[in-house]
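For reference, the structure is listed below as structure tokens.
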Amino acid sequence: MTVYAWEDGPLGEMLLVGEETADGRTALASLSLPGQKGAVAVQDGWRCAPSAFEGIAAQLRAYFEGTLTRFDIGYACGGTDFQRRVWQVLDGIPYGQTVTYGEVAGRVGASGAGVRAVGTAIGRNPLLVVRPCHRVVGAGGALRGYAAGLERKQRLLTLEGALAV
């Protein structure tokens, strides 16, 4: 069953969507921010279940307070094989560090023209904040692309100490 909850945060009210698992946990399928390009909307048949997201919400609060540097959240599977390979690279980018789109492309074997495909895969990341697509920057460190807006990307990188204030 698909469940959802709203969680307040410094980037706005986040919509958390997940799938209940057989062991009673919730696998996060989506984290959307207000005004996000391609944001998920609550669907008929979904159940509002804030208690299903208590652990995830606690980790988000700790992250925004600066006391959590790595999420320990189960994710619902999704995306194409290529997207999952790109997203796996994102999951490995350490807190407070950035990599370029070109570096991500190189890590998935899609150098050169593949950089555009990597950018598209990153743009389709359904798990903003927890899967750190905000840690991917343009060549020379330029802030490029973020489904929830460059201002939010800048705020996240500043929070992590990857950008000077």
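The values are calculated or read from the model by the stated rules, or taken from the named source; none is laboratory data. Keep in mind that what you see is a predicted model, and the values were worked out from it rather than measured. Here the Cβ is made from the backbone with ideal geometry for all residues, glycine too, and neighbour counts use every protein chain on show. Keep in mind that these areas ignore ligands, DNA and RNA; they rest on the heavy atoms of the full protein, side chains included. Shrake-Rupley method; radii C 1.70, N 1.55, O 1.52, S 1.80 Å.
Please compute the length gained on full extension between ASP44 and THR120, using 0.36 nm multiplied by the number of residues separating them and subtracting their Cα-Cα distance.
24.5 nm
Rg and Dmax of the stretch 1-46, Cα atoms, in Å?
11.2, 33
Using alpha-carbon positions, what is the distance between the centroids of the stretch 35-65 and the stretch 126-165, in Å?
Centre-to-centre (Cα) distance: 20 Å.
Based on the Cα coordinates of the stretch 72-152, what is the per residue volume of their convex hull in Å³?
For the stretch 72-152, the hull spanned by Cα atoms encloses 90 Å³ per residue.
For the stretch 1-82, rounded, prolate or oblate, judged on the Cα gyration tensor with a ≥ b ≥ c (square roots of eigenvalues), a/c < 1.5 rounded, else prolate if a/b > b/c?
Rounded shape, in that the Cα axes give a/c under 1.5.
Counting pairs of alpha carbon atoms under 8 Å apart in space and at least six apart in sequence, what relative contact order in percent does the chain give?
The value is 21 percent.
Give me the percent of the accessible area of the chain that comes from carbon and sulfur atoms, probe 1.4 Å, all protein chains in place.
The nonpolar share, carbon plus sulfur, comes to 49 percent.
What number, rounded to the nearest 500 deg cm²/dmol, is the helix-based mean residue ellipticity at 222 nm of the chain, given -39500 (n - 2.57) per DSSP H run of at least four residues and division by all its residues?
-9000 deg cm²/dmol
Compute log10 of I(q)/I(0) for the chain with the Debye formula, placing one identical point scatterer on every Cα and leaving out solvent, at q = 0.17 Å⁻¹, to two decimals.
Per q value, in the given order, log10 I(q)/I(0) is -1.04.
Write down the accessible area per residue of the chain in Å², having rolled a 1.4 Å probe over the full set of protein chains.
Computed with neighbouring chains in place, this is 51 Å² per residue.
Take every Cα pair under 8 Å in the stretch 1-50 that's 6+ residues apart, average their separations, divide by the length, and report that relative contact order as a whole percent.
40 percent
Rank by packing, highest mean first: peptides 143-156, 108-121, with packing defined as the count of other Cβ atoms within 10 Å averaged across residues.
143-156, 108-121
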